[in-house]
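Please read the structure below before turning to the comments.
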Amino acid sequence: MRAAVVTEQAKGVLAARFACTPEQALFLLHEHSRRTSLPIAVLAHQVVRHRGLAA
């Protein structure tokens, strides 16, 4: 359950940063996860900690 909470927080961070919808933010998380081979839970934690996605 904690991973789901962090993922929701990450969606909020990305939605605010990129002025997009939560659905679009989740898409960004999935795409970045796929490109970097990081699990979404790990990536979401990094997004929340650092307030965004690294290129």
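Going through (1) open to solvent by 60 Å² or more (accessible area, probe 1.4 Å); (2) not in a helix (DSSP H, G or I) one by one, Gln46 falls short only on (2).
So which residues in segment 1-23 are open to solvent by 90 Å² or more (accessible area, probe 1.4 Å) and of a type in the set (Lys, Arg), if there are any at all?
Applying the first criterion (open to solvent by 90 Å² or more (accessible area, probe 1.4 Å)) to segment 1-23 yields 1-2, 8-9, 17-19, 23.
Of everything in segment 1-23, those that are open to solvent by 90 Å² or more (accessible area, probe 1.4 Å) and of a type in the set (Lys, Arg) turn out to be Arg2, Arg17.
Applying the condition of being more than 11 Å from the chain's Cα centre (by Cα) and in a helix (DSSP H, G or I) to segment 24-43 and asking which residue is surrounded by the fewest Cβ atoms within 10 Å (Cβ to Cβ) yields Arg35.
Answer yes if at least one residue in segment 11-21 is part of a helix (DSSP H, G or I), modelled with pLDDT of 95 or more and of a type in the set (S, T, N, Q), and no otherwise. No, segment 11-21 has no match at all. Among the residues of segment 5-55, none is identified as of a type in the set (Phe, Trp, Tyr) and touching a helix residue (DSSP H, G or I) at 6+ places or on another chain (Cβ under 6 Å).
The values are calculated or read from the model by the stated rules, or taken from the named source; none is laboratory data. Just so it is clear, the model here is predicted, and its values are computed rather than measured. For neighbour counting, all protein chains shown are included, and Cβ atoms are generated from backbone atoms with ideal geometry for every residue, glycine included. Calculation scope for accessible area: heavy atoms of the full protein, side chains included, ligands and nucleic acids excluded. Shrake-Rupley method; radii C 1.70, N 1.55, O 1.52, S 1.80 Å.
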